[in-house]
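Have a look at the structure below before the remarks.
The values are calculated or read from the model by the stated rules, or taken from the named source; none is laboratory data. Computed from a predicted structure; not experimentally measured. Every residue, glycine as well, gets a Cβ built from its backbone with ideal geometry; the counts of neighbours run over all protein chains shown.
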Amino acid sequence: MNLHQIVSGAIGTVNPLVYATLRMSTGYTVGQDGTPEPAYADYHGIPAQIQALTYSDLQKISGLNIQGTRRAIYVNGKVEGLDRNSIKGGDLFTFPDGTMWLVAMVLEAWPDWTKVAVTQQVST
């Protein structure tokens, strides 16, 4: 049962959904100079619920030593944080205002939805 889908309509009246582009990591390719370059699959129009991190969320990510602006994002489907052992993850969200957010940690993973902690990236 996708509880997020059930409650997202009610939450959306207070905090509307934002439609983002998700750049899902597909691993990496090797550049001409031999350095690894991240590879992504882009998905447009992904409905996302952006919220502040809870106290419990802040406790979970405190050991990551991440600086900067952080938020929680609820999204239907699977999103992944960085997993160095399997050489995947590090998904990125881009919002309509042009800001880009890196998935730093998966806070909750369910069969139908995911809650992730994201950190705002510097625009280039």
**Asked** Counting only residues that are loosely packed, with under 12 Cβ neighbours inside 10 Å, modelled with pLDDT under 90 and of a type in the set (A, V, I, L, M, F, W, C), how many does the range 1-37 have?
**Response** 5
**Prompt:** For residues in the range 95-124 being farther than 20 Å from Gly27 by Cβ and of a type in the set (S, T, N, Q), which is modelled with the lowest pLDDT?
**Reply:** Thr124
**Fill in**
Residue pairs qualifying under the 6 Å Cβ cut-off, at least six apart or on distinct chains, with the first in the range 95-115 being over 15 Å from Arg23 (Cα atoms) and the second being aromatic (Phe, Trp, Tyr) and surrounded by 18 or more Cβ atoms within 10 Å (Cβ to Cβ), are Lys115/Tyr74
**Asked** When only residues in the range 83-112 that are among the aliphatic types (A, V, I, L, M) and in contact with an Asp or Glu (Cβ under 7 Å, 6 or more places away or on another chain) count, which is surrounded by the most Cβ atoms within 10 Å (Cβ to Cβ)?
**Response** Val103
**Request:** Could you tell me which numbered condition Glu80 fails, if it satisfies all but one of (1) crowded, with 19+ Cβ neighbours inside 10 Å; (2) under 20 Å from Ser56 (Cα atoms)?
**Result:** (1)
